[in-house]
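Note sheet for the following structure.
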Amino acid sequence: MKISFVVPCYNEEKDLKDFYQKLMPVVESLNSDYEIIFVDDGSKDKTPELLKDFAQNKNVKVITLSRNFGQQSALVCGFKNAKGDCVIELDVKLDLPLNLIPQMIEKWKQGNEVVHVQNKAKSNAFTRFFKRIYLKFLFWVSKIDIPLDTDEFKLYDKKVVNEICSLTEQDKQIVAVTSWVGFKQATVQYSSKVKSKSGKNIFKKAMGFASAGIIGNSTWPLCLAFWLGTLINIASQICLTVFTTLAMFKIYLPVSAWLFPTIGMLFSLLFMIQSFSNTYLGRIYQEVKGRPDYIVSETINIEK
């Protein structure tokens, strides 16, 4: 049995060495053949130098991408190069509960093909609340059931990894496609106040991630235009009914009171429909180009 660990890295100079020193005792205690695949996603700091030092261990493999393609693309790169019977996805976090890895492997040996790690702690209430809202909304519009309170820490059977890698779409959202491909899935629960990685523009990144999840897995926005049109039409009818009733009681409103709200609502509806159409056209444009998810610049210890 061989176990692959895939670790995307982007500007992890501060925590990478401590993370590696914490990971190695856990990996070696498994008494199994292993490989650790670090995917450097175009880091600008000393992350590449640290990874080269780690690669003195021949079980540590390093893939350097030509630029920053994003965490999801880095994961796909690691998955495609993994040789293990199962693959464990990790993130560079010092407080990641690596002690759960043996439990995850045991769940896999019991026949589960995807094992999620679920944090039951009531930490980061603000972020946790909005993440839950997003996942429930995504399930409502796409029927993709993603376990709540899970993070970038999962175990995949090799056949699940193969199915994910076989998907031809660009900008794969691994958390969504993992649930979409199905297979038998289980969770390992723990309770700990795990701190989120700090970074700039975190809100912008979160919104981009949520947008990609909804657009990439649902046609709901196209239906939304219909429901918005219906609601606006009902509001217009109510407004016109009120105006007509006032006119029956000889309370006359100027023409602008009738004209401008109607025109404004019609134009807002047209703009909204056009924006959704442009979103999907942009998505089609990206897919038609057929560009790869990533470009590899350099590899260390990777079998050709």
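The values are calculated or read from the model by the stated rules, or taken from the named source; none is laboratory data. Because the structure is predicted, anything quoted here is derived from the model rather than measured. Here Cβ is always computed from backbone atoms with ideal geometry, including for glycine, and neighbour counts include all displayed protein chains. Areas reflect the complete protein model, heavy atoms only, side chains present, ligands, DNA and RNA absent. Shrake-Rupley method; radii C 1.70, N 1.55, O 1.52, S 1.80 Å.
In terms of modelled amide H atoms, which long-range or inter-chain residues lie less than 5 Å from the amide H of Phe153?
Amide H to amide H, under 5 Å and 5 or more residues apart or across chains, Phe153 pairs with Val117.
Which order do peptides 5-14, 62-71 fall in by mean Cβ count within 10 Å, highest first? Please report the intermediate quantities before stating the final value.
On the way: 5-14: 22.2, 62-71: 18.5.
By packing density, highest mean first, the sequence is 5-14, 62-71.
What ³J(HN,Hα) values, in whole Hz, does the Karplus curve 6.51 cos²θ - 1.76 cosθ + 1.60 give for the stretch 19-33 when θ = phi - 60°, with x put for Gly and Pro?
Each residue's phi maps through the Karplus curve to give 5, 5, 5, 7, 6, 4, x, 5, 5, 5, 6, 6, 6, 10, 5 Hz.
So what are the ³J(HN,Hα) numbers for the stretch 292-302, from phi and the Karplus equation (6.51, -1.76, 1.60; θ = phi - 60°), rounded to whole Hz, Gly and Pro as x?
x, 5, 7, 10, 8, 9, 7, 9, 9, 6, 8
All other residues with a Cβ under 11 Å from the Cβ of Asp41 taken together, and with Lys, Arg as +1 and Asp, Glu as -1, what is their net charge?
Numbers: positive: Lys44, Arg67; negative: Glu12, Asp40.
Within the 11 Å Cβ shell, the charges total 0.
How many nm separate the modelled label positions at Ser66 and Lys250, each set 7 Å beyond the Cα in the direction of the Cβ?
Roughly 8.0 nm, to one decimal.
Pairs Lys2/Lys93; Lys44/Lys83; Lys83/Lys159; Lys80/Lys107: which are spaced more than 21 Å apart, C-alpha to C-alpha?
Values: Lys2/Lys93 24 Å; Lys44/Lys83 28 Å; Lys83/Lys159 11 Å; Lys80/Lys107 23 Å.
Check vs 21 Å cut-off fails for Lys2/Lys93; Lys44/Lys83; Lys80/Lys107.
If you rank Glu152, Glu106, Glu89 by how much accessible surface each has, with a 1.4 Å probe, what is the order from largest down?
Values: Glu152 55, Glu106 95, Glu89 10 Å².
Putting Glu152, Glu106, Glu89 in descending order of accessible area: Glu106, Glu152, Glu89.
Just the accessible area for Ile302, please: 1.4 Å probe, Å², rounded to the nearest 10?
For Ile302, the solvent-accessible surface is approximately 30 Å².
If packing is taken as the average number of other Cβ atoms within 10 Å across a peptide's residues, how do 75-84, 238-247 rank, most packed first? If you can, show how the numbers build up before the last one.
Working: 75-84: 21.7, 238-247: 12.0.
In decreasing order of mean packing, 75-84, 238-247 become 75-84, 238-247.
Starting with the highest mean, order 154-162, 23-31 by the number of other Cβ atoms within 10 Å, averaged over the residues of each peptide. Don't skip to the end; give the middle numbers.
Details: 154-162: 21.0, 23-31: 13.2.
Descending mean neighbour count gives 154-162, 23-31.
Less than 13 Å apart at the alpha-carbon level, and either on another chain or at least 8 residues along: which aspartates and glutamates does that give for Lys52?
The qualifying aspartates and glutamates are Glu13, Asp40, Glu298.
Which one, Phe54, Ala74, Ile37, projects farthest toward the positive side of the charge dipole computed for the stretch 33-127 from Cβ point charges (K/R +1, D/E -1)?
Final value for the positive-end residue is Ala74.
Taking the solvent-accessible surface of protein heavy atoms with a 1.4 Å probe, what is the per residue accessible area of the stretch 1-58 in Å²?
Numbers: 2760 Å² over 58 residues.
It amounts to 48 Å² per residue over the stretch 1-58.
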